[in-house]
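Q: Please see the structure below; I have some questions.
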């Protein structure tokens, strides 16, 4: 019997494949954490009571390639930003659009409407208010390949479990 695949992986694959109009391979991977040598971009999601309920943490490669692919910018634009370890305003804006669509990754888990509050262009250490998310057991870490651009890592972090 094949192992059961985390439904967030299937949902992320479906969302990204729909956005880009072609399959975006998404697979489970080992956990990764942002840090001084591994800066990441992040999206913060809140519920209807403005409480943080989830984080989408992306390597700069994932955020840069997702942003570039959305507007069909050349891969070299994303590669330059990744090399400099900072997303330019156009890539950040496009990443924010992708992150906004990804809010549905959190809705089922939280059990209420979830929406994007903000994106963080470069995170090397978590702000204190997000420390619980970074240590969350409710998480899914994936690797993805943005067709025509390259690979990246994404970590989906949840604040709380669904009430049953």
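Derivation of every value follows stated rules applied to the coordinates shown; laboratory data play no part. This one's a predicted model, so the numbers in the text were calculated from it and none came from an experiment. Here the Cβ positions follow ideal geometry from the backbone for every residue, glycine too, while neighbour counts run over all protein chains shown.
Q: Between the helical axis of 60-70 and the dominant principal axis of the chain, each derived from Cα atoms, what acute angle in degrees is found, rounded to the nearest 10?
A: On a 0 to 90 degree scale, this one is about 70.
Q: Report, in degrees rounded to the nearest 10, the 0 to 90 angle that the Cα long axis of helix 89-101 makes with the longest principal axis of the chain.
A: 30 degrees
Q: What is the angle, in °, between the Cα long axis of helix 75-84 and the longest principal axis of the Cα atoms in the chain? Nearest 10 is fine, range 0 to 90.
A: Helix 75-84 sits at roughly 70 degrees to that axis.
Q: Based on the Cβ-Cβ distance of residue 112 and residue 27, what FRET efficiency does E = 1/(1 + (r/R0)^6) give at R0 = 30 Å, to the nearest 0.05? Intermediate results must be reported in sequence, preceding the final value.
A: Numbers: r = 29 Å, r/R0 = 0.97.
Calculated transfer efficiency: 0.55.
Q: Can you give the extra length, in nm with one decimal, that the chain gains between residue 83 and residue 50 once fully stretched, where that is 0.36 nm per residue apart less the Cα-Cα distance? Can you show the working numbers first?
A: Values: separation 33, 0.36 × 33 = 11.88 nm, distance 3.48 nm.
Full extension from residue 83 to residue 50 adds 8.4 nm.
Q: Distance between Cα centroids, the stretch 81-96 to the stretch 11-51: provide it in whole Å.
A: 15 Å
Q: Would you order 17, 155, 103 from fewest to most other beta-carbon atoms within 10 Å of each residue's own beta-carbon?
A: So the ranking, lowest neighbour count to highest, is 17, 103, 155.
Q: If each DSSP helix of 4+ residues adds -39,500 (n - 2.57) and the sum is divided by the residues in the chain, what number results at 222 nm, nearest 500 deg cm²/dmol? Intermediate results must be reported in sequence, preceding the final value.
A: Numbers: 6 runs with 59 residues, N = 164.
Taking each H run of at least 4 residues, the total per residue is -10500 deg cm²/dmol.
Q: Extent of the chain along each principal axis, from alpha carbon coordinates, in Å, largest to smallest?
A: 47, 41, 27
Q: With N set to the residue count of the stretch 37-122, report its C-alpha Rg divided by 2.2 N^0.38 Å to two decimal places.
A: Normalised Cα radius of gyration, the stretch 37-122: 1.11.
Q: With label points built 7 Å along Cα→Cβ from the Cα atoms of residue 75 and residue 145, find their separation and express it in nm.
A: 1.2 nm
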